[in-house]
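Data block below; observations after.
The values are calculated or read from the model by the stated rules, or taken from the named source; none is laboratory data. Just so it is clear, the structure is predicted and the values come from calculations on it, not from any experiment. A quick note on method: Cβ atoms are made from the backbone with ideal geometry, for glycine too, and the neighbour counts reach across all protein chains shown.
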Amino acid sequence: MQDKILVLDFGSQYNFLICRRIRDQHVFAELKSYAGVTAEQIKAEGYKGIIFSGGPNSVYAEGAPKCDPEILKLGIPVLGLCYGHQLISFYNGGVVAPANSGSEFGRVDVKTDPESPLMKDIPADWHCFMSHTDAVMQLPEGFKKIASTAMTENAGIANDEKKIYGLQFHIEVAHTEYGNQILHNFVFNICGCKESWFIDDYCKQSIESIRAKVGDGKVLLALSGGVDSPVCAALLAEAIGNQLTCVFVDHGMMRKNEPQEVEDAFKNWDINFKHIKAEDRFLARLKGVTDPEAKRKAIGEEFIRVFEEVGKEIGSVDYLAQGTIYPDVVESGAGGNSVTIKSHHNVGGLPDYVDFKEIIEPLRMLFKDEVRALGKELGLPDYLVRRQPFPGPGLGIRVIGEVTKEKLDILRDADAIFREEVDKAELEQPANQYFAVLTNTYSVGVIGDFRTYAATIALRSVTTDDFMTADWTHLPYEVLAAAGSRIPNEVKGVARVVYDITSKPPATVEWE
Ligand code: XMP
């Protein structure tokens, strides 16, 4: 059986990272809400270790999240982080209270006990990331101190016999120097896990399980401009070949050269590939529509109309495949606890319009990075697996105001230049999504001896882990200078280029 770790979610924004860091060390980790998970279930599932995550609450507050206390008696190693650390103390009779010295936030010096199995191969003095108001003021019985900072005496606690540990700091964030080493110590030395999470194994196993499930049935998949559905398509193609029909609806709002790239990527697979060129009908539907929500709705509805027609042509299928990935599962409430649903992000309604018996979601346990690795393993080209996230309504929500073919062409060219400049730069801060927006602001320019009055392009680049919050990327001036010079010179219809320096919140990533 594959070794696995359970991360119990008590509401921290960092929980995804805990799972990801463990999987990066080749051990499978799952995130589940603390509520409703019982000690018995955990035992039956065979987890080798449990992590209690952080969270915004105080353990004494009314309604504070509390898990089944029996979990701590299972004999399975437990590591609590921040709120999780306080909860362990609380359940074991320690005293948790607002720290005398007030909140502690940011990078702080920490002293740890190198003799502790959790702190193996870590120096006695280093830096960690703290974010807390409460602290463990008195050790629970049977526990000893293994870490402290100037402001927090019991920053780390341990009961080696029971293999229960707590840390006030966040080991999953990059600012905590030895965070990965602590996770390694916990997962391998304390829980006794073996490396058993590899994407090539996953690939082989899921091909087998797709074959076993689908038999000689028919599967339908809608391909989009993102990464997930092409990878899902490649996996299914490898598993069931021409029992798969991929429908790629080109709504005319894809990025430059993208429709062709998608078609090229799949031409060597023996599948039914339907490239529906529907630019005209989408643009006709968008004529005169300027309100962002109305645009999204119009595009979503038109997708459904197209699918109804394609669905009729294909007839009934056994399975509808979807490229749902792990963060989608958690966001939709089936996994963790801390994030909200982004309902507007789904094109919506599709399953009702196709005649199928069951949905299959072969990527549902994977994080984005793992989806990319799987795509590579399956031989998809880099331009597909390294693609940035791309919204379902495409460039339609990056042309402010009415969408026309002419405006889309301007945006496509400007966007391609900006992406090219960012791609070739060496960035200190990663840019996770970067694109151009065609604003509906016109301004005066001068080209040669002529006055122009043309559009303003806004450039947007964000740095983010999860796209729920994002920082604007501090792109090097050289990149901005190159884009600012090339775009008005090379793209007719653009007089001015500006850079968007708003983070999310208060802005969103997309302009509409
Ligand atoms: P926002 O604009 O909400 O975007 O900050 C967060 C992330 O979601 C993407 N996004 C969408 N993806 N359909 C999608 O599939 C949509 O309607 C949609 N709207 C935004 C956006 O590109 C960013 O990565």
Quiz item: So which residues in the range 497-512 are within 13 Å of the ligand (Cβ to nearest atom) and touching a residue at least 12 places away in the same chain (Cβ under 8 Å)?
Solution: Asp500, Thr502, Ser503, Lys504, Pro505, Val509, Glu510, Trp511, Glu512
Quiz item: Out of the residues in the range 455-478 that are within 16 Å of the ligand (Cβ to nearest atom) and among the acidic types (Asp, Glu), which is modelled with the lowest pLDDT?
Solution: Asp466
Exercise. Check the range 253-276 and report whether any residue there is over 25 Å from the mean Cα position of the chain (by Cα), more than 16 Å from the ligand (Cβ to nearest atom) and more than 27 Å from Leu363 (Cα to Cα).
Key: no
Quiz item: Out of all the residues in the range 358-367, is one or more at pLDDT 90 or above and exposed (fewer than 14 other Cβ atoms within 10 Å of the Cβ)?
Solution: yes
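Can you confirm whether Ile146 is on the phi < 0 side of the Ramachandran plot and more than 33 Å from the chain's Cα centre (by Cα)?
Numbers: on the phi < 0 side of the Ramachandran plot: yes; more than 33 Å from the chain's Cα centre (by Cα): yes.
Answer is yes for this residue.
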Self-check item: Qualifying positions in the range 92-105 - farther than 22 Å from Ile171 by Cβ, assigned to a strand (DSSP E or B) and not hydrophobic (A, V, I, L, M, F, W, C)
Solution: Pro98
Quiz item: For Arg285, all conditions in the list (1) part of a helix (DSSP H, G or I); (2) of a type in the set (D, E, K, R); (3) within 26 Å of the chain's Cα centre (by Cα) hold save one; what is the number of the exception?
Solution: (3)
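Quick test for you: out of Val437, Val494, pick the one residue that is of a type outside the set (Gly, Ala, Ser), more than 14 Å from the ligand (Cβ to nearest atom) and in contact (Cβ under 8 Å) with a residue 60 or more places away in the chain.
On the way: Val437 fails: more than 14 Å from the ligand (Cβ to nearest atom).
Going through Val437, Val494 in turn, just one is of a type outside the set (Gly, Ala, Ser), more than 14 Å from the ligand (Cβ to nearest atom) and in contact (Cβ under 8 Å) with a residue 60 or more places away in the chain: Val494.
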Quiz item: Can you name the residue in the range 286-324 that is within 12 Å of the ligand (Cβ to nearest atom) and of a type in the set (A, V, I, L, M, F, W, C) and is also modelled with the highest pLDDT among such residues?
Solution: Ile299
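Which members of the range 110-132 meet the condition of being of a type in the set (Asp, Glu) and touching a residue at least 12 places away in the same chain (Cβ under 8 Å)? Write out each step before concluding.
Taking the range 110-132 as the starting set, the residues that turn out to be of a type in the set (Asp, Glu) are 113, 115, 121, 125.
Residues satisfying the conditions are Asp113, Asp121, Asp125.
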Quiz item: Quick one: is Val403 out of contact with any Cys (no Cβ under 8 Å at 6 or more places or on another chain), assigned to a loop (DSSP other than H, G, I, E, B) and on the phi < 0 side of the Ramachandran plot?
Solution: yes
Quiz item: Does the range 86-129 hold any residues that are in contact with a Lys or Arg (Cβ under 8 Å, 6 or more places away or on another chain) and over 24 Å from Ile71 (Cβ atoms), and which are they?
Solution: Asp113, Pro114, Ala124, Asp125, His127, Cys128, Phe129
Self-check item: Given (1) in contact with an Asp or Glu (Cβ under 6 Å, 6 or more places away or on another chain); (2) surrounded by fewer than 18 Cβ atoms within 10 Å (Cβ to Cβ), number of the condition Phe435 does not satisfy
Solution: (2)
Practice problem: Could you list, in sequence order, all residues of the range 362-395 that are closer than 21 Å to Phe467 by Cα, aliphatic (A, V, I, L, M), part of a loop (DSSP other than H, G, I, E, B) and more than 16 Å from the ligand (Cβ to nearest atom)? | Solution: Met365, Leu366
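Just for the range 203-252: of the residues that are assigned to a helix (DSSP H, G or I), hydrophobic (A, V, I, L, M, F, W, C) and over 25 Å from the mean Cα position of the chain (by Cα), which one is farthest from Gln322 (Cα to Cα)? Talk me through it step by step, then tell me what you get.
First pass over the range 203-252, keeping only residues assigned to a helix (DSSP H, G or I): 203-214, 228-243.
Then drop every residue that is not hydrophobic (A, V, I, L, M, F, W, C), which leaves 203, 207, 210, 212, 214, 231-237, 239-240.
Restricting the remaining residues to those that are over 25 Å from the mean Cα position of the chain (by Cα) gives 212, 214, 239-240.
Numbers: Ala212: 18, Val214: 14, Ala239: 15, Ile240: 15 Å.
Result: Ala212.
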Practice problem: Could you please let me know if Ala97 is out of contact with any Gly (no Cβ under 6 Å at 6 or more places or on another chain) and within 15 Å of Met137 (Cβ to Cβ)? | Solution: yes
Self-check item: Residue check, Thr441 surrounded by fewer than 19 Cβ atoms within 10 Å (Cβ to Cβ), of a type outside the set (Lys, Arg) and part of a loop (DSSP other than H, G, I, E, B)
Solution: no
Self-check item: Residues located in the range 372-404, provided they are closer than 21 Å to Gly493 by Cα, surrounded by fewer than 20 Cβ atoms within 10 Å (Cβ to Cβ) and in contact with a Gly (Cβ under 7 Å, 6 or more places away or on another chain)
Solution: Glu402
Self-check item: Residue under evaluation Ala481, criteria (1) in contact with a strand residue (DSSP E or B) (Cβ under 8 Å, 6 or more places away or on another chain); (2) more than 19 Å from Lys256 (Cα to Cα); (3) outside any loop (DSSP other than H, G, I, E, B); (4) more than 16 Å from the ligand (Cβ to nearest atom), criterion not met
Solution: (1)
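So in the range 396-415, with the set limited to residues that are among the basic types (Lys, Arg) and more than 14 Å from the ligand (Cβ to nearest atom), which one is nearest to Glu30 (Cα to Cα)?
We begin by selecting, within the range 396-415, every residue among the basic types (Lys, Arg); these are 398, 405, 407, 412.
Then keep just the ones that are more than 14 Å from the ligand (Cβ to nearest atom); that gives 405, 407, 412.
Working: Lys405: 45, Lys407: 44, Arg412: 39 Å.
Ranking the qualifying residues of the range 396-415, first place goes to Arg412.
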Self-check item: Every residue from the range 31-52 that is modelled with pLDDT under 95 and in contact with a strand residue (DSSP E or B) (Cβ under 7 Å, 6 or more places away or on another chain)
Solution: Leu31, Lys32, Ser33, Tyr34, Val37
Practice problem: Answer with yes or no whether Phe418 is surrounded by 21 or more Cβ atoms within 10 Å (Cβ to Cβ), in contact (Cβ under 8 Å) with a residue 40 or more places away in the chain and part of a helix (DSSP H, G or I). | Solution: yes
